[in-house]
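Beneath this line is the structure, given in structure tokens, with notes to follow.
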Amino acid sequence: MLPETEMLLRAAMTLTTRTGHAEELVRDTLQNAYRAFDRFDGHEPRPWLLVLMHHAHADNRHGRGQGPVIGTDPGPGPSPTLVSARPAESLAVGKTFHDEVDVALAALPDKYRQVVHLVDVDGLSYVEAGELLGLSEATVTTRLRRARRRIRVRLAAAGLVPGRGER
């Protein structure tokens, strides 16, 4: 289970956005795993740990602890001025592009930002993200599609990706 600790911390940061709370959530998850180890079948610890993290997070949010709070990160600052004379390749890999993606992510509602981070940044499967958030795979899929669409629209408005029909 120790190889999954780094993934757990990334997932916890997505849920809590505060380093201290994320570390507490991982600690609680690992303690619960230790206590429930006799019920673990020995195969694929990641989904099992994600379910345990979901339960620990839910317990913290519903008053059993003062731990994780969703959506407390103010996000990055305002977007820098864009320079449209640069070639498309440099826009896609340049700092401006990454800054605009960060701003677009920060502008998403928590329910969309969480699935983008868990799937696209942390590399969890749709099923694993759903287990962690207490959602069905279909809900994760829908939220991810809507989040990606919002990000794409913002990037197109900034001139950083082709708009509809320009590909």
- Message: Counting only protein heavy atoms and a 1.4 Å probe, tell me what percentage of region 18-65's accessible area is made up of carbon and sulfur.
- Response: 47 percent
- 14 Å beta-carbon shell around Leu49, net charge (K/R +1, D/E -1): -3
- Item | Sorted peptide list for 9-21, 137-149, 115-127, 38-50, criterion being average Cβ within 10 angstrom, highest first | 9-21, 115-127, 137-149, 38-50
- Note on the structure: Per residue, accessible area of region 1-51 with a 1.4 Å probe, heavy atoms of protein chains only, in Å², comes to 60 Å²
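The values are calculated or read from the model by the stated rules, or taken from the named source; none is laboratory data. Computed from a predicted model, the values in this text were never measured in an experiment. Don't worry about glycine lacking a Cβ; one is built from the backbone with ideal geometry, like all the others, and counts go over all protein chains shown. Surface accessibility is based on the protein's heavy atoms, side chains included, excluding ligands, DNA and RNA. Shrake-Rupley method; radii C 1.70, N 1.55, O 1.52, S 1.80 Å.
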